[in-house]
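**Student:** Please see the structure below; I have some questions.
The values are calculated or read from the model by the stated rules, or taken from the named source; none is laboratory data. These numbers were taken from a predicted model, which means no experiment stands behind them. Every residue, glycine among them, receives a Cβ derived from its backbone with ideal geometry; neighbour counts consider all protein chains shown.
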Amino acid sequence: MARPLFVFLSLLISPVVSTISLAASPSSSSSSCPFDLTYVLTFPWDTSTCLHVDPKNNGTQQCCQTLLSLFGVGLAQHLKDTSLFELPDVNTSSSCLSDFSTKLSDLSIHADMVSTCFNSTQFVANSSSCAGIKTAQDFESKVGTMTPLDTSCKGDLMGLTRCGICRDAGFKVTSQLTNMDPKNSSECFYFTILYAAVFVNEFGPKDVRTASCILGMPLSSSGTKGSSNRDRTLKLSFGLLGAVTGILLSFLFFVVYRKWDRRRRENIHHREVVSSVRANVLPYTGAKWFHFSELEKATDKFSQRNLIGQGSDGVVYKGTLQDGALVAVKEIFDLESKGDDEFCYEVEIISKIKHRNLVALRGCCVTSDNSKGKRRFLVYDYMPNGSLSYQLSLSGPNRLTWPQRKNMIVDVAKGLAYLHYEIKPPIYHRDIKATNILLDSTMKAKVADFGLAKQGNEGQSHLTTRVAGTYGYLAPEYALYGQLTEKSDVYSFGIVILEIMSGRKVLDTSNSSILLITDWAWTHAKSGKIEEILDESIREGGPKRIMERFVLVGILCAHVMVALRPTISEALKMLEGDIDIPNLPDRPVPLGHESFQSSLMYGFTRSGRSTPFGSSIQV
């Protein structure tokens, strides 16, 4: 499934933002906008997603997401000045949106885009918004004056690691608020973003580093000033060409014809893709071919209140089918760079799996026409208990018990064993982590999100220059050299075991240096203090030897040397006590060592880029 967007990222999240509907509440009669929108013309945001968008047609979603981030800068400034998250009344909101539309028109962006993306009641204060929060003081009274944001979202967030850590902190705060008010999760999400941009990060919302990571603002290298200069130059050129109207008309006719012909050929290609998916993949899996109208109805037209996850590669909505079944609908983004072949490959991969510890594909949907645009969807069963990452973030009586943790680790191991040994050729997941492990109504763990999965050759390693995965979970040999084997997943699984058993984060940034959970656990294990690795909530009253065995298996699976790791089959037998655990072999330089960190990050930045919305990186 998609990684939930805290808009850091990816949601700590390419940037992907959807419009947020907030109920209106009559207040004062003020009709002037309380904040200055001049920044729209000067801030270096990327206008390309909105310049050639017709608001009468579909395909406006990316533009609307960009405009929401852009308008969020003004709302953040309003929050800083007044301590209020939203505008006081409809008149004030209408005035701000009108000013916003005027500024966009100056940048040659269609004036109707604002009315298409937003409505006058969307940003108006309402007593039912996110647990009744109206002010920054209300927010702090709900989550506390010291939150994960305060330790994770300060300073320069342009780097992959720092922005990712900030994103994860945002997830936790949003989850905390959502537990108080499940019906208004989208408002809680947006409040968390604004609070982090205004009161946590010292650079403020108008700084490009803060806006890019926390607000998810797509940036332009040239800036809007350059865009305005180009627009003025273009107008002057058209004026000069007025003397040669005949040539201009001929040129326009040629352009229109080429555009029409290109769209015609694209539609033919898209229809071929639809036929290919239906004919070659779905008939053999029992998965359903959904019509777009079915998914639109199930998600209430992809309403923001049904948004349950967001990441660099798409968003996930909760939906209710006509028969009452709850589903998770994932819309795939970045289709231009991925292409239909990659979408079909992902569908084919997921269609091959059917196991109780893997989230199976229920169906998919492909639209390719002028009215709906090019859109791709995957439909899964809904997992009511969320992700393992969310469950590990809970405190007090809601913390996971030892039996639950034990069962989850074994569940994940069985799911991976199925992928590695029961499917020919084997499938390597490549992104095993806590956010990609979902929990059903009985807390059974299921491995999800096969967007980065890759088929391998049984018993052989695979070399690739396109490394994919999440920092902190990637096996060293894969991150540095592109060497992919089944033991790459085993390394990530070892990290997950240590997360579950300790309740700690994968990366500890409380000190000046970054400490990986593997180094921390190794230090305690070698000094004979394995009990200190265990989460405090399970230290008392549990079977100490069994819990220590699970910790040792986690350390062994996450060993730096690939040859010293067990296979997932061997790891499962160790967990279940069928075979003994060998003595922990020595390790080379710790992964958290400065020399290793610089080499690892060099491997990521050779040809890669930071993805503030998503939780994965691809090189």
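**Student:** Taking the residues in the range 29-67 that are among the small types (Gly, Ala, Ser) and not assigned by TED's automatic domain parsing to the domain that holds Ala111 as candidates, determine which candidate is modelled with the highest pLDDT.
**Tutor:** Of everything passing the filter in the range 29-67, Ser32 is modelled with the highest pLDDT.
**Student:** For the range 101-108, does any single residue satisfy the condition of being in a helix (DSSP H, G or I), of a type in the set (Lys, Arg) and surrounded by fewer than 23 Cβ atoms within 10 Å (Cβ to Cβ)?
**Tutor:** Yes, the conditions are met somewhere in the range 101-108.
**Student:** Show the residue pairs meeting these rules: Cβ distance below 8 Å; 6+ apart or different chains; first residue within the range 533-554 and in a helix (DSSP H, G or I); second residue among the acidic types (Asp, Glu) and surrounded by fewer than 21 Cβ atoms within 10 Å (Cβ to Cβ).
**Tutor:** Sorted first by the residue in the range 533-554, then by its partner, the pairs are Arg539/Glu531; Lys544/Glu531; Glu548/Glu531.
**Student:** Which condition breaks for His355 when tested against (1) surrounded by fewer than 24 Cβ atoms within 10 Å (Cβ to Cβ); (2) assigned to a loop (DSSP other than H, G, I, E, B); (3) in contact with a strand residue (DSSP E or B) (Cβ under 8 Å, 6 or more places away or on another chain)?
**Tutor:** Condition not satisfied by His355: (3).
**Student:** Can you tell me which residue is modelled with the lowest pLDDT among those in the range 139-190 that are assigned to a helix (DSSP H, G or I) and surrounded by fewer than 17 Cβ atoms within 10 Å (Cβ to Cβ)?
**Tutor:** Once the filter is applied, the top-ranked residue is Lys183.
**Student:** Then there's this: Test Leu534 against the criterion of being touching a Gly at 6+ places or on another chain (Cβ under 9 Å) and closer than 24 Å to Lys573 by Cα, and give yes or no. So that I can check it myself, show each step before the final result.
**Tutor:** On the way: touching a Gly at 6+ places or on another chain (Cβ under 9 Å): yes; closer than 24 Å to Lys573 by Cα: yes.
Answer is yes for this residue.
**Student:** Is there any pair linking a residue in the range 346-360 that is within 12 Å of Asp381 (Cβ to Cβ) to one that is assigned to a helix (DSSP H, G or I) and hydroxyl-bearing (Ser, Thr, Tyr), with Cβ under 7 Å and at least six apart or on different chains, and which?
**Tutor:** Leu358/Tyr418
**Student:** Failed condition for Gln404, given (1) at pLDDT 95 or above; (2) touching a Pro at 6+ places or on another chain (Cβ under 9 Å); (3) among the polar types (S, T, N, Q), with all others met?
**Tutor:** Against the list (1) at pLDDT 95 or above; (2) touching a Pro at 6+ places or on another chain (Cβ under 9 Å); (3) among the polar types (S, T, N, Q), Gln404 comes up short only on (2).
**Student:** Report whether or not Ile432 is assigned to a loop (DSSP other than H, G, I, E, B), assigned by TED's automatic domain parsing to the domain that holds Arg549 and of a type in the set (A, V, I, L, M). Outline the logic, then answer.
**Tutor:** Values: assigned to a loop (DSSP other than H, G, I, E, B): yes; assigned by TED's automatic domain parsing to the domain that holds Arg549: yes; of a type in the set (A, V, I, L, M): yes.
So Ile432 passes the test.
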